[in-house]
Ligand SMILES: *[C@@H]1O[C@H](CO)[C@@H](O)[C@H](O)[C@H]1NC(C)=O
């Protein structure tokens, strides 16, 4: 009965050690439900979730693949490019138009714009940035995402790992190193510059779409003499039209690319007003190839969130004096119009035109965009000719 009161108190009030962030106790039900949900999905949707047996390419994408070519670049990565030649060589030869497509849009979404531009007498080309469109993705990183690992190694692997080691697997993010630099705007710009050389285009009128803004700006800054003018189409450094973050969500990311109606709905919600089923299928297929989903997701993450358009425009004399035009959707959403107003404010003195398309107007307002670009280029070409003429024959 001579109990030590302090010891009794200690026994009643256990020492309050903070629990580990995800203790085994709380993690067990989580992994149980996850594995149960994944097994159920795997049973219900075997053909959808099968990581093997890639379906054949849809005809539209196959045609695109054979119309363009994969440029072998040294150093890599290799890039896919599509070139559209003018039907007839015009008397005066305007410089080519080069398009850098935004995230997930790819040269495929620009194929009709390119042929429309070439029907207006322009040589037009589009380059898929590293890992995007039909450009090959980077070699796979040593670690993959949790769902992929669960599916590859069997759905109970994570559970076994937990029981064996007491650790929750996949807690640490893979190092951002290799993949991040592969998709970084600076690397993408350097690769695109090598592709321009390989295509032998000479100086170009650059067209930058959506998330390609930072890469396009870096391309101009590094090669000012190679760019004659810049056209921005709904360009942004922070808010890509295609919500690439969705692709990183376990199960959902896979479902979006597996269920045609879901993918087409997402396209209409985020990118274009109208897209027919065949075209949506081709876009979907381009993101379903080996490593492509991760490439789109990683490219979204690698965007330069602190890119400053005004700072870039005033960064050098060459950039400052570059003729520029901005094409912006005037009816997509109020939020998007506000983004456009920020762009106008950052680029004083730039020609600014609202178009009737969505955020991928190369798809739903192709002819309108083509006309605006060809008129802009023609104006610069005739301006060029008149100064040349003026220099060649000074007034005596
Ligand atoms: C991101 O953009 C900022 C502002 O334009 C620039 O100073 C910086 O170098 C860019 N970062 C990268 C990694 O390209």
Could you line up 254, 62 from fewest to most neighbouring Cβ atoms inside 10 Å?
-> 62, 254
Compute the label zone of residue 278 within the range 53-84: residues whose backbone N is under 14 Å from the point 7 Å along Cα-to-Cβ.
-> 58-64
Ranked on Cβ counts within 10 Å of their own Cβ, fewest leading, 301, 320 go 320, 301
Quick note, the range 286-326: a/c under 1.5 would make it rounded; otherwise a/b > b/c is prolate and the rest oblate (a ≥ b ≥ c, C-alpha gyration tensor); here it is prolate
FRET efficiency estimate (nearest 0.05) - Cβ-Cβ, residue 181 to residue 37, R0 35 angstrom | 0.50
Full-extension gain in nm, residue 225 to residue 301, via 0.36 nm per residue minus C-alpha separation = 24.3 nm
Using a ≥ b ≥ c from the Cα gyration tensor of the range 221-269 (square roots of the eigenvalues), is it rounded, prolate or oblate, where a/c under 1.5 gives rounded and otherwise the larger of a/b and b/c decides, a/b for prolate?
-> prolate
Can you sort 78, 276, 308 by how many other beta carbons sit within 10 Å, fewest first?
-> 276, 308, 78
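Each reported figure results from applying straightforward, stated rules to the coordinates on display, with no laboratory input. Computed from a predicted structure; not experimentally measured. Neighbour counts are summed over all protein chains in view; Cβ atoms, including those assigned to glycine, are modelled from backbone coordinates with ideal geometry.
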